[in-house]
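Colleague: My questions will all concern the structure given below.
The values are calculated or read from the model by the stated rules, or taken from the named source; none is laboratory data. Since the model is a prediction, treat every value here as computed from it, not as a measurement. When we count neighbours, we look across all protein chains shown, and the Cβ atoms used for this are built from the backbone with ideal geometry, even at glycine.
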Amino acid sequence: MATSKIYYGCKLSVFFVSLRINFVNSFSLMKILAVGWNYLDHNKELNQGILPKQPVIFMKPETSLLRDNKPFFLPDFSSQIDYETEIVLRISKMGKNVSEKFADRYYDAIGLGIDFTARDLQNEFKANGTPWELCKAFDNSAPISQFLLKEDFNLSNLNFSLNINGETVQKGNTKDMIFSPEKIISFVSRFFTLKTGDLIFTGTPVGVGPVKIGDHLEGFIEDQKLLDFSIC
Ligand code: MG
């Protein structure tokens, strides 16, 4: 009896040790890339009215994702959180140095996302020439919708919009992108290996603005409501 207790005790401790080793060695396998200044009218509204020569890229970590229309809690480190409504691409296979010609083979679905931005911090960082992570990549700064197969949409002419408290505050069309999804994928894959499950936020059109506690946000691709959540 005592021997079997020791035997099972050892088995259990080996199990927990291996669980711990697996946990220590586990890490996130996805990344979120985002494009800034990809719609000229938006660039103008933020006094950035020049055409960028190449995509302006920043990243958000997995902890920035907010799914299933869960509420967004305003963080205490900013006095101005702005919404930026964006079409999001879901990468469907690994790619490195992808040519623009074949880039459409590397994503299979699109969704709608909000690139929440701590605008007051971003203005400071822009003035000082310092990185954007703190104003762009904070927890829950990337609410995303469910994803829809891209075959069902014409991504070169796709309307999307955001309502706040029933009023349309932002409307865009992908035809106004400065850099197309294919150009973006080709460009970023020179620097970052794309992996299945990575997401790319493709930039926001004109009409960004602040959110406040109690606001109700509804996001649409064409007439389909994909985002529906509140600010707390
Ligand atoms: Mg953005």
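Colleague: If you check LEU40 against the conditions, is it surrounded by 15 or more Cβ atoms within 10 Å (Cβ to Cβ) and at pLDDT 95 or above?
Modeller: No: the conditions fail for LEU40.
Colleague: Please specify each residue of region 185-232 satisfying the condition of being in a helix (DSSP H, G or I), in contact with a Pro (Cβ under 8 Å, 6 or more places away or on another chain) and not β-branched (Val, Ile, Thr).
Modeller: PHE187
Colleague: Kindly indicate the residue of region 143-199 that is in contact with a Phe, Trp or Tyr (Cβ under 7 Å, 6 or more places away or on another chain), under 15 Å from ASP108 (Cβ atoms) and among the hydrophobic types (A, V, I, L, M, F, W, C) and also surrounded by the most Cβ atoms within 10 Å (Cβ to Cβ) among those meeting that condition.
Modeller: Here the answer is ILE185.
Colleague: In region 127-143, how many residues are over 22 Å from ARG67 (Cβ atoms), more than 14 Å from the ligand (Cβ to nearest atom) and either assigned to a loop (DSSP other than H, G, I, E, B) or basic (Lys, Arg) (or both)?
Modeller: 3
Colleague: Taking region 64-87, which residues are more than 13 Å from the ligand (Cβ to nearest atom) and aromatic (Phe, Trp, Tyr)?
Modeller: Residues satisfying the conditions are PHE72, PHE73, PHE77.
Colleague: Suppose we filter LYS70, LYS93, LYS60, LYS126 for residues that are among the basic types (Lys, Arg) and closer than 16 Å to VAL35 by Cβ; which single one remains?
Modeller: LYS60
Colleague: May I ask you to verify whether ASP82 is part of a loop (DSSP other than H, G, I, E, B), among the charged types (D, E, K, R) and at pLDDT 95 or above?
Modeller: Spelling it out, it is not the case that ASP82 is part of a loop (DSSP other than H, G, I, E, B), among the charged types (D, E, K, R) and at pLDDT 95 or above.
Colleague: For region 142-152, does any single residue satisfy the condition of being under 18 Å from the mean Cα position of the chain (by Cα) and either of a type in the set (Ser, Thr, Tyr) or on the phi > 0 side of the Ramachandran plot (or both)?
Modeller: Yes - at least one qualifying residue is present in region 142-152.
Colleague: When you scan region 126-139, how many residues do you find that are closer than 13 Å to ASP76 by Cα and either surrounded by 17 or more Cβ atoms within 10 Å (Cβ to Cβ) or at pLDDT below 95 (or both)?
Modeller: 2
Colleague: Output yes when any residue across region 164-174 is touching a Pro at 6+ places or on another chain (Cβ under 7 Å) and part of a helix (DSSP H, G or I), and no when none is.
Modeller: Scanning region 164-174 turns up no residue that is touching a Pro at 6+ places or on another chain (Cβ under 7 Å) and part of a helix (DSSP H, G or I).
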